[in-house]
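The values are calculated or read from the model by the stated rules, or taken from the named source; none is laboratory data. Bear in mind the structure is a predicted one, so any value in this text is a computation, not a measurement. Backbone-built Cβ (ideal geometry, glycine too); neighbour counts: all protein chains shown. Heads up: the accessible areas ignore ligands, DNA and RNA and are worked out on the full protein's heavy atoms, side chains in. Shrake-Rupley method; radii C 1.70, N 1.55, O 1.52, S 1.80 Å.
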Amino acid sequence: MLIPLDYYRILGLPIQATAEQLQQAHRDRTLQLPRREYSEVAIVARKQLLDEAYAVLSDSDGRKAYDASFLIKTYDRESEAGILAKHQRSKTSPATATVLQDSTETDWQESGVLDATPDPHTPSIEIDNNQFVGALLVLQELGEYELVQKLGRPYLNNGSTGIEEGRFGDKELVRPDIVLTVALSCIELGREQWQQGQYQNAAKSLDAGQELLLRESLFPGVRGEMQTDIYKLRPYNILELLSLREDQVSERRQGLTILREMLEERGGIDGSGDDRSGLGIEDFLRFVQRLRKHLTSSEQQTLFESEAGRPSAVATYLSVYTLLAQGFAARQPSMIRRAKLMLMQLGRRQDVHLEKAVCSLLLGQTEEASRALELSSEKEPLAFIRENSQDSPDLLPGLCLYAEHWLQEEVFPHFRDLSQQSVSLKDYFADSKVQAYLEALPLDSETANEWLVVQPRSGGKPQVRSPQVTTSLQPSPVDAGRAATVTLTPLAAAQSTPGQGPRSEGIAAPPMPPASVHGQTPTQLGSTSNDRRKPHSPRRSSRSSAGLMGNLVDRAKTLGAQVSTQVKSMPRNRLGLLLVAGFLSLLILWLIFSILGGILQALSGPSLQGEQALVSLEAPPVEIPALPPANPEPTAPPPVESGAITEPAGEQIIQGWLSAKAAALGPNHAVDELKQVLTEPALSRWQLMAEAQQRNNAHQRYTHKLQITKVTANPTNPDRAEVEAEVNEKAEVFDREQLVTSRNENLRIRYDLIRQDGQWRIMDWQVMK
């Protein structure tokens, strides 16, 4: 049979090679043995071709005759190819040109092997049938991967009898050799296409090779190599599939399916499982950030909200971005409120007060937005906000500018369907749906952002501080956009060779939630914060009505001036925030009526001290008790606990707290349960949280597993003790009966106990690392 090879290519030399070069090439090629999986039949056939090429070219007369034939065929083919190309450009359509090209590429499949009548203008040699395996091996070594598949695959298909009849030698040896050569050509072709950025074609080539090896049940080692490349190729294939047009639904759906498979194997976006892609946690986060621009907002919402339920702090953070973007673009503040609730979850580990401020602003909760800014430790964004609020009594003008810039530059560009949309707070607040939703919200739900805050995770006096990254997993937030653009390394530095996968360009990564950060509670933010949150007891005023009226007028003028100053200081495109001015106007009216009520109470004369009796005509002023039973059972007081605390007692106390927590923050809002197990300072803190949650129609459903690890009595104070426990807490957060998010955490907690009136109660606790 004829094979599309020439003696110079077999030895890897140009036609101008000298005799010394021929000798050296023959020696080198002979010593370079193929893979150990090849049989002796293939190795011998390959050596025969090398020896034959050297024998012809090393003989001067034989080389002259061969060169003459070789040059004639080469030049005739080049000339004919030029004529054909000119003819195609002038008289054929692109479709016809493609058909002609495909026809040329299949010449050797149809004529070179099957009927032994190859293209007369292509350099070729005639070989024996038992040298066919060696010829395929040589072509594979020369990089002719597509030609190897075109020559070899027909003999591996069902219905081909060439191998079974023993045409090429012992079928038990020849068939595995042909399978191996075709499979190796699939691997090398896939890697070549990978380097060229043709990721889908690379995946198809690798899949074809693996399918062949699986069908033949041969060479598991080679199959393992191929599978490794397939796994490493997946991120690139996903990017190419997701970057296709949105109308290519099936291909993009395939990309999402592969992505979910990787996430499942890794155990989430920030999981540590092995998906065999070669990407560490940091590289995979960069990959996720890179693919976000190829996903629509709805696709990201479905993906990241599902991942957030693992739980995953990174997925929760990305869900916040998605809900914010969708809520603003679609004028649906309810989605922004969901984002705010998810930020409360993240607030347990990192400083997200700036994002909370933006959410509160978009929900019309201006006072809460201002308070969130006070708690933020982001220096550059706060400097920007203050600089643009210099002529205002508060930071709202600067916050408006920052929010608009942040949404436009840092949020929307990461969504395929929103990247070209413009951001306007004026248009947002002017929307009738937004106005209707904001009017239905409580005027001041400041305490709503407190009910999920928990105690600090380590000992020492807590302070308001910026989050510190304790591992190299995520960069710290640095710029005014909270999504720093960082020059990053390629996906995996180790993937520099074709076998390991090509390198990728740098991509931008968002600041991800740090691994462990001190949390804060309302009672740990200083006396000013405490005073602001504690309700003040009403007092009678000793001022005269004239003095009260004068004070009322002065305060009304001050507030009016503040509103005027704020509106004047806003840029023209922020006038949509006149809702802020309207809110302050309502506050003035409320203040007027409140003080007028105080005036009327003062004019009505002195009031009685202490609690006043409520008398009704429908009921007697004093409740008449029912007659006691003849033999009343005495009510036993709770047993007084004395002596050192025991492990069963410690377990009972902690279990009682977990049950009380589930009841107080649950759908029935049984806040009074907290009094049975908590004392100050924890009691007032959790009462505020539970009451705020009840006012905002939100609740949580808890499932706990408890294991006590250590109970320690205080050696100097018998009424103090510590209990260490491992707690598995599963929580589902609901907003108006709609599930917002969920989490599943394993915590190590140290509880501080005190004995009061003979009963052990929990003062506070700390979550340990």
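Within the range 310-355, the set of residues being in contact with a helix residue (DSSP H, G or I) (Cβ under 8 Å, 6 or more places away or on another chain), free of Cβ contacts under 8 Å to residues at least 40 places away in the same chain and not in a helix (DSSP H, G or I) comprises VAL352 only. Counting only residues that are open to solvent by 40 Å² or more (accessible area, probe 1.4 Å) and small (Gly, Ala, Ser), which one in the range 281-308 is farthest from ALA403 (Cα to Cα)? Ranking the qualifying residues of the range 281-308, first place goes to SER306.
How many of the residues in the range 1-41 are in a helix (DSSP H, G or I), free of Cβ contacts under 8 Å to residues at least 24 places away in the same chain and hydroxyl-bearing (Ser, Thr, Tyr)? The number of residues fulfilling the criteria is 1. Given the criteria of a type outside the set (Ser, Thr, Tyr) and loosely packed, with under 14 Cβ neighbours inside 10 Å, does GLY255 qualify? When the stated conditions are applied, GLY255 does not pass them. LEU173 meets each of the listed conditions (1) in contact with a Leu (Cβ under 8 Å, 6 or more places away or on another chain); (2) aliphatic (A, V, I, L, M); (3) assigned to a helix (DSSP H, G or I) apart from (1). Summed over the range 233-258, the residues that are assigned to a helix (DSSP H, G or I) and of a type in the set (Asp, Glu) give a count of 2. Considering every residue within the range 329-340, establish whether at least one is among the β-branched types (Val, Ile, Thr), surrounded by 23 or more Cβ atoms within 10 Å (Cβ to Cβ) and out of contact with any Lys or Arg (no Cβ under 8 Å at 6 or more places or on another chain). Yes - at least one qualifying residue is present in the range 329-340.
Of the candidates SER370, SER377, the single residue that is of a type in the set (Gly, Ala, Ser), in a helix (DSSP H, G or I) and over 18 Å from MET689 (Cα atoms) is SER370. When the range 714-762 is limited to residues that are more than 41 Å from the chain's Cα centre (by Cα) and acidic (Asp, Glu), the one that is least open to solvent (accessible area, probe 1.4 Å) turns out to be ASP719.
Residue pairs whose Cβ atoms lie under 7 Å apart, sitting 6 or more positions apart in sequence or on different chains, and linking a residue in the range 203-232 that is over 17 Å from GLY278 (Cα atoms) to a partner that is assigned to a loop (DSSP other than H, G, I, E, B), are LEU213/PHE219; PHE219/GLU37; VAL222/GLU37. Exactly one residue out of GLU282, GLU307, GLU261 is more than 24 Å from ALA325 (Cβ to Cβ), part of a helix (DSSP H, G or I) and within 12 Å of the chain's Cα centre (by Cα): that is GLU282. Given the condition among the β-branched types (Val, Ile, Thr) and either closer than 21 Å to PHE132 by Cβ or surrounded by 14 or more Cβ atoms within 10 Å (Cβ to Cβ) (or both), answer yes or no: does some residue in the range 16-25 qualify? So far as the range 16-25 goes, no, none of its residues is among the β-branched types (Val, Ile, Thr) and either closer than 21 Å to PHE132 by Cβ or surrounded by 14 or more Cβ atoms within 10 Å (Cβ to Cβ) (or both). Flag set for LEU206, criterion: more than 24 Å from the chain's Cα centre (by Cα) and assigned to a helix (DSSP H, G or I). Condition check for ALA682 on (1) open to solvent by 20 Å² or more (accessible area, probe 1.4 Å); (2) in contact (Cβ under 8 Å) with a residue 24 or more places away in the chain: one failure, at (1).
Taken as a whole, the structure leaves SER250 outside the set of residues that are more than 16 Å from the chain's Cα centre (by Cα) and buried (at least 17 other Cβ atoms within 10 Å of the Cβ).
In this structure, GLU673 qualifies as open to solvent by 60 Å² or more (accessible area, probe 1.4 Å), touching a helix residue (DSSP H, G or I) at 6+ places or on another chain (Cβ under 8 Å) and not small (Gly, Ala, Ser).
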